[in-house]
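Here is the structure we will look at, set down as structure tokens.
Derivation of every value follows stated rules applied to the coordinates shown; laboratory data play no part. All values reported here derive from a predicted model rather than from experimental measurement. Note that each Cβ is placed from the backbone with ideal geometry, even for glycine, and that neighbours are counted across all protein chains shown.
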Amino acid sequence: MEASSRLALVAARERLDELTRGPAGIVEKTRDRLTGQARATTADELVGLADELFAVARLLDAQPSLRRALSDPAGKPEERAALAQRLFGSRLGPVALDVVEVTVRQRWSRPLDLVEAATTLATETALDAADARGELDDVEDELFRFGRIVANDQQLSRILSDRSGSAAGKAQLLDQLLSGRVSPVTEQLLRNVLTGSHVGTAGVAIERLSDVASRRRGQSVARVTTAAPLTPAQEQRLAGVLAQIYGRTIGLQVTVDPTVLGGLLVQVGDEVIDGTIAHRLEAARRQLAG
């Protein structure tokens, strides 16, 4: 996103935050009663709000003319908000409608950013619901594990990454794979994100969701690949070393891959620390060949 869209997303997030926390003190409570201000604060309300915002994102994604109209910089903010009211007033609850109206009032660099913003707001609301349910740790772990399943299954990755594939077909497949096996929030996130037309590579999309969940827990993620499982004590020591290196809390997502032979491959963001035996052998081979 360009600068104007990033600022617009900040404003939309702030309004979402206002509407998803309980009123603080008697002044806000009284004002809410007088104005009839609706909020979404329970886990069930947050799950429903996330569903509504995901539905808005899908509609904007499917209708380019609509997202252009709702992000047209030539139009006045109140005109765009009035259009949103006419389009969504009978389809959305009061909290979702409020968030959408505030969102379209902002100045967006390009219409497609409106789709990304709605998806981002829906994702963050779903993670708020997971937090309210006490399942945020579980959701992060489930996203990571499903990401590994997709990464290791070429056919599944191809189907979920196919932009021309049927969204309904992908949703049905995900229901078969996930229903009853993961948290409802995990299922909600994966179904909505992986059935979008701009999903790109499924594994990357899932990895981004996992990163967002990790940041919500107040930590960064280190993706660790090792030839054999780490003991709890080894994981604790590694997390401590990485925390010292990066100056922040680091959570580990560990994958066992015998092909690395030994040592560790650690990725934190875009930085990779490759201490595997396979890497050292390949470096020695290149040196000998040279």
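To check you understand DSSP bridge types, tell me what percent of the beta bridges within the chain (both residues inside) are antiparallel, rounded to 5.
Details: 9 of 16 bridges.
Of those bridges, close to 55 percent are antiparallel.
One quarter of the convex hull surface built on the alpha carbon atoms of region 1-133 amounts to 8.1 nm², the projected area averaged over directions.
How much FRET efficiency would the formula 1/(1 + (r/R0)^6) give for Arg33 and Ile277, where r is the Cβ-Cβ distance and R0 is 41 Å, rounded to 0.05? Numbers along the way, then the final one.
Numbers: r = 66 Å, r/R0 = 1.62.
Efficiency for this residue pair is about 0.05.
Placing +1 on the Cβ of each Lys and Arg and -1 on the Cβ of each Asp and Glu in the chain, which of Ile149, Ser4, Ser166 has its Cα farthest towards the positive end of the resulting dipole? With unit charges placed on the Cβ atoms, the residue in question is Ser4. For region 1-133, the dipole from Cβ point charges (+1 on Lys and Arg, -1 on Asp and Glu) about the Cα centre works out to 360 debye, to the nearest 20.
Think of region 1-125 as having a plus end and a minus end, set by charges on the Cβ of Lys, Arg, Asp and Glu; of Ala122, Ala74, Gly93, Ala74 sits farthest toward the positive end of this dipole.
Dipole size of the chain about its Cα centre, with +1 on Lys/Arg Cβ and -1 on Asp/Glu Cβ: approximately 500 debye, rounded to the nearest 20. What would the Debye formula give as log10 I(q)/I(0) at q = 0.10 Å⁻¹ for the alpha-carbon point model of the chain, no solvent? Relative scattering, expressed as log10 I(q)/I(0), comes to -0.64.
To the nearest 20 debye, what charge dipole does region 135-217 have about its Cα centre, counting +1 at the Cβ of each Lys and Arg and -1 at the Cβ of each Asp and Glu?
Working: 11 positive and 12 negative charges, 57 e Å.
Rounded to the nearest 20 debye, it is 280 debye.
With N counted as the residues of region 135-217, its alpha-carbon radius of gyration over 2.2 N^0.38 Å works out to 0.99. When the alpha-carbon atoms of region 196-246 are used, the pair Rg, Dmax equals 14.1, 43 angstrom.
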